[in-house]
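Everything below concerns the one structure shown next.
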């Protein structure tokens, strides 16, 4: 479980928002069972709190599945799953979990990975798209993270997801109908295709206005720098129409 490498990328070939005014849009690809994603969420929130234009930043959570072929729920523990997946001993997996638990604690998060119940997250991502439609996506994202990393909730089981969605402000019956249907499956797949097109090698992956990208759970200072870099690109200074060049001073002297 290594912290992904720093990447602040400029997507020069992509359409950029160059008209003045409006918010900056930050899209965050993540999975609700990714330990770095929850840590990255806290670090991004810390950066946003220090960004003067923070209230004007629109945050959208995008879907990414770390294990698309996972069953709805697993019989083995998280440590056993990691041991099998990465070819390490159970003791090594436990030590890795202990390290990431300590890093999470530094961000004010309580990880209890010994009780985590991993499973398929496709349905959780479908509900996150419903939550976006209902204006509570951020609340549901936080609820799912806490449910998995702290409370030992079975993240792939429909009844647990319905209950968690209701706690985040979604009508329980509407959530149940979505899970029983194929609703929002296309949106989840589209997010994953976008991640691949943008060059995401892992999550969390932050994309600002489809112009700048940051890979990994970077420190708040790095994420703040990305926001500061992106803001002028979205809000270029406009010259006043009809105004002639005025008298100025520069390093070369003053116009006289």
Item to check | For a label point 7 Å along the Cα-to-beta-carbon line of residue 60, residues of the stretch 132-152 with backbone N under 17 Å | outcome: 132-139, 141
Checklist outcome for this item: Rounded to the angstrom and largest first, Cα extents along the principal axes for the stretch 8-254 equal 75, 41, 30
Checklist entry - Restricting to the stretch 8-254, what percent of DSSP beta bridges are antiparallel, rounded to 5? => result 60 percent
Next on the checklist: Rounded, prolate or oblate for the stretch 86-224? Axes are the square roots of the Cα gyration tensor eigenvalues, ordered a ≥ b ≥ c, and the cut-off for rounded is a/c under 1.5.
Outcome noted: oblate
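No value in this document is a laboratory result; all are computed from the given coordinates. Note that this is a predicted model, so its numbers are computed, not measured. Don't worry about glycine lacking a Cβ; one is built from the backbone with ideal geometry, like all the others, and counts go over all protein chains shown.
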